[in-house]
Amino acid sequence: MPRALLIGASYGDLDVESSVDAVHAWLSGHVLAEAQIERLVGPQATRDGILAGLRRLGDEDHGDAPVVVYYAGHGLLYRSRMGVVEQRAHVAYPLLVPTDIDRTTGETLHGVFASELSRELRRIARRARNLTVILDCCHASGMVRLDDEVEDDSVVAQERALHREASARVAGKRRLGVRGVGDARLSDRVVVVVASSAGGRAYLHPVTRRMAFTEALLASLATRSSWDAVVATTRARVQEVWPIQQPAVFGPRFRRPFTLDEQLPEHELYRVERVGDHIVLMAGALRQIHLGDRFELTASASVTGGPASASIAVQPRLIEPDRTLLWASAGVDVLPYHARRIHRGCGPVVEVACAERSLRGALTDLVAAAGLRVADGAGEVAARIEVRDGQVGVYDCLGALVHLALREPLAADELVRCLRRLDAWRGMSRWLFGTRGEPALGRCYDLRWGALTSSGIDTAAGAVRVLPGTSLAVSLVNLDRGAPELYAHAFRIGADREIRAWSAGTGARFFAAHQQIDVADLRAGSVHAHRIDAPSSLPPGSYCEWTLVCVANEAFELDIVATPPMARTSPRTGEHTSWPSARGQQRARRFDVVVFPYTLDLAALPW
């Protein structure tokens, strides 16, 4: 049945009850009956009260009925050196701050760690298909990890150790530093709406003194078109007063709020935002955007059923791998838009070396199906297809063999997928191997990469050769040299030029000042690692591959190809990442890509 749990934890005299009242009024007027809403505010919003409320939701079968969990209050990063060997390094564990956290006794901290919150939300999600989680607190993006195995014994044991350590700190009258003012992927079907990035803050409105995110969210829900549109408008409203705050939405973002009605766009859709004085399409060469493409801008609210608005025609004027600067036919206001591609321009070309007319015609059709064209003159080459000795070979823009298959029967679908990968790879290679200047964040972190051995990560200098089955590993430490929060993620560019993310989740992994993190998902010993497999479409030989480690000073989405970071700067020598000293100062976005090449040796495989 429909339910809502509204939590307002007013630790440190933070005014959250007015925000809970506003959410309560909106839900009771639009979604739920009064009797279906439970409130935990003031002295009720303790650790035990919050966990008990979540467990009551998990005890019921909700089916398709809307279930809402809302939290307004403080969020904290509890820093611990537990399990860390590097000097000055630590791990930051996000937690919610109940009203009784300073009354901790025994060996249990009166806080709710992210793993504990995620465990209860996973339990609810198994019995509620229409679950929405809204967190208006600092570090909100790091609070919910629905795909982590938080029920694992090792996680529970670590929690207990953290509770003992933190409890001792409270008992010693050391405040925790709260600053005032095996399932299917559950993250694919739970909407999580957050007020801030994993390392960022959530602020009060400077005039009303209420939670700025909650106010903006309720005002934006008037459109009720989709969570994507609602949060885009919310983000714009919040950043009018707090430019450094980063609201976000994870999960099925095209659902209509508090329903299972997911209206996916009929066409390719791209986010359009204003970055400085520029109108920027948040996709570029990696998404096969080409000069000559034409787009139609539509206000975000009308993308999935909101009020219609007049469209604006735009086209690319400068294409980068992860974004595109646009020309607009009319003025564009500051609110976010989506863009539909209504015409494809002339993209890069594919050279086809095939003497047989009928086969050449079939290959030409496959090139067109991939959104490319066969070379008939000038044009940037994305791929070359050669037919020789009864085989079809495909080569990338660097001349490397990336796919080899028999000509009969012709594997049409595999060839189309390969050509699309190579179109994206053309943009990526120009980006990676061109002149990009000195890294803007290079002095802010220590980064290690190499093969995983019994003694740790082998960072030996020189050419690196690996066999299938080798585990590669990445480890970073935030040195806090001008970058109090960083986000990182690693990718593999394979010999077949597929870009594979090392780990799963909603976004890049966050690490705070002086925190060590291993960036990947597969655990080998005490270090995270990525196991290298062999592409099935390549014969014995040696092939170039790369590990990409992306590091940014703000949260970015997991899939660098599908949802690249919002912006890239051209760093200058001596430039630092600064922390804003006032709400009107927005720090410049910085985004590093560190490239580690290696050779994959397939010669030893039995064929």
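Taking each pair of distinct Cα atoms in the range 13-59 once, what is the resulting Kirkwood hydrodynamic radius in Å?
So the Kirkwood estimate lands at 11.8 Å.
Between Gln391 and Arg126, what is the spin-label point distance in nm, taking each point 7 Å from the Cα along the Cα→C-beta axis?
Each label point lies 7 Å from its Cα, and together they span 4.9 nm.
Roughly speaking, what is the stretch gain from Glu498 to Glu414, that is 0.36 nm per residue apart minus the C-alpha to C-alpha distance, in nm to one decimal?
This chain segment gains 29.0 nm when fully extended.
If packing is taken as the average count of other Cβ atoms within 10 Å, what order do 48-55, 114-121 fall into, highest mean first?
Going by the mean number of other Cβ atoms within 10 Å, highest first, we get 114-121, 48-55.
To the nearest 10 square angstrom, how much accessible area does Glu351 have with a 1.4 angstrom probe?
So the heavy atoms of Glu351 present about 70 Å² to solvent.
Are there trypsin sites (Lys or Arg not before Pro) in the range 204-236 that DSSP marks as loop and that have at most 12 other Cβ atoms within 10 Å, and which are they?
Arg209
How much length is gained if the chain between Arg344 and Ser455 is pulled fully straight, taking 0.36 nm per residue apart and subtracting their Cα-Cα distance, in nm to one decimal?
Here the answer is 34.7 nm.
Ranked by accessible surface with a 1.4 Å probe, highest first, in what order do Asp228, Asp64, Asp148, Asp413 come?
Asp413, Asp64, Asp148, Asp228
The values are calculated or read from the model by the stated rules, or taken from the named source; none is laboratory data. Keep in mind the model is a prediction, meaning the values are calculated, not measured. Positions of Cβ are backbone-derived with ideal geometry, glycine not excepted, and every protein chain shown enters the neighbour counts. These accessible areas exclude ligands, DNA and RNA; they are computed on the full protein's heavy atoms, side chains included. Shrake-Rupley method; radii C 1.70, N 1.55, O 1.52, S 1.80 Å.
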